[in-house]
1. Just to confirm the filter: which chymotrypsin sites (Phe, Trp or Tyr not before Pro) across region 99-171 are DSSP coil and have at most 16 other Cβ within 10 angstrom of their Cβ?
2. With only Lys, Arg, Asp and Glu charged, each at its Cβ (+1 for the first two, -1 for the last two), find how big the charge dipole of the chain is about the Cα centre; round to the nearest 20 debye.
3. Counting C-alpha atoms alone, how compact is region 210-340: give Rg to one decimal and Dmax as a whole number, in angstrom.
4. Tell me, what is the percent relative contact order of the chain, built from C-alpha pairs under 8 Å that lie six or more residues apart?
5. Beyond 22 Å, what share of the Cα-Cα pairs of region 2-137 remains, rounded to the nearest whole percent?
6. Which FRET efficiency value, to the nearest 0.05, do you get for Glu266 and Thr199 by plugging their Cβ-Cβ distance into 1/(1 + (r/R0)^6) with R0 = 25 Å?
7. Kindly state, as a whole number, the per residue volume in cubic angstrom of the convex hull around the alpha carbon atoms of region 62-112.
8. Which net charge results when you count Lys and Arg as +1 and Asp and Glu as -1 among the other residues whose beta-carbon is under 10 Å from that of Glu45?
Amino acid sequence: MNYKPYQLENFCKKPSPEIKCIVLFGTNEGEIATLQKKCAEAVCESVNDGFRYCVLNMEDVSKDGGEIYAEFHAQSLMGGRRVVVVKDADNSLTPLLKNMIPETGSDNLLILTSDSLNTKSSLITWGKERSDVILVGCYEEREGDISAQAEKMLREKGLSADVSTLQFLASRLSPDSKLNQSEIDKLEIYLGERKTVTTDDIKNVVSDVVGADYEDLCYQIADGETAKACDTYSRLLKEGNDVATIIRYLEYHFLRLLNCVAKIEEGKNIEEILRTFRPPLMFYRKTSFLKQLRIWNKERLLSALSLFYQSERNCKTTNMMAEQDTGQMILRLSSAVKKFR
């Protein structure tokens with residue numbers, strides 16, 4: 001059965017032994033990790049308990065899934081319900097689960113996490129009809145959702161902002177509502193008695209949120225600002241951000257450029273194209289974006305996207321130096337802009 005992320009709160013308050021499996025899938029890896037830990041601790045109390053908590057990586061699981069079957073049916077020496085987590089799960093587990101879950105007499109909980117599964121995957125299709133399986137899709141919020149969320153948080157604090165300021169604030173926030181609330185709290189303290197938020201206030205207070213750094217990196221690379229791009233990339237890594245997530249942001253930005261270039265070739269007006277963007281292009285990014293359209297033609301964009309796809313594959317390949325590989329790609333692309341001009 002399908003759940004929204006917030007609906008898992010009820011499960012975590014009183015984890016039913018009738019639920020045998022939880023599948024967390026989608027592109028929001030941060031939310032997946034948070035929910036996985038929360039669900040596990042609701043059942044086994046601590047993820048540091050080696051008797052009641054076990055983690056398997058999909059690459060270490062054999063074709064018949066024997067390791068999963070054994071761990072799922074094992075009992076804790078100290079008693080209590082166990083949790084078995086399988087990371088990077090894929091559709092190859094569908095046959096195993098079809099037999100194991102309906103027939104099991106175990107009260108343990110199996111948690112599968114994956115960024116490759118989607119609503120059409122066989123494993124997800126199978127779980128939709130089962131009352132003992134919970135499916136949770138975890139995706140980044142659209143910018144419009146973040147903007148609405150930010151406006152609501154400001155209103156609850158008695159604060160206000162005009163449309164352009166609110167748009168700028170949304171660009172500095174992330175899909176993590178808890179982190180966003182912290183930033184709004186900081187903003188309230190900074191304003192003191194003032195109730196109207198300005199862009200300068202946001203620049204002074206909401207300056208280090210990860211979402212803004214991702215977007216900054218995209219624009220720095222496409223603009224050919226090599227030194228800034230390398231510094232931003234290094235900072236993202238030091239803050240513990242995942243290389244694959246960084247690459248996905250780059251893919252999204254360059255795909256947006258490619259889509260725009262294709263529509264221009266069809267004879268469409270650039271202003272009309274920009275008005276169709278969802279989420280909309282931020283007002284303070286427009287000049288830079290238009291400059292990038294003059295620099296990056298279709299062939300160059302396709303070449304860049306090919307590099308991103310290769311780097312993303314390398315991130316999932318054992319022993320590949322993903323951080324160094326992606327860093328070299330960023331250096332190569334941003335440096336090439338000087339030749340394109």
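Please treat every number below as a calculation from the coordinates, not as lab data. Note that this is a predicted model, so its numbers are computed, not measured. All Cβ positions, glycine included, derive from the backbone under ideal geometry; neighbour counts span all protein chains shown.
1. Tyr139
2. For this selection, approximately 880 debye.
3. Taking only Cα atoms of region 210-340, I get Rg and Dmax of 14.7, 47 Å.
4. Computed value for the chain: 16 percent relative contact order.
5. That fraction is 29 percent.
6. Once the sixth-power term is evaluated, E becomes 0.10.
7. In region 62-112, the Cα convex hull volume per residue is 75 Å³.
8. Summing Lys/Arg as +1 and Asp/Glu as -1 gives 0.
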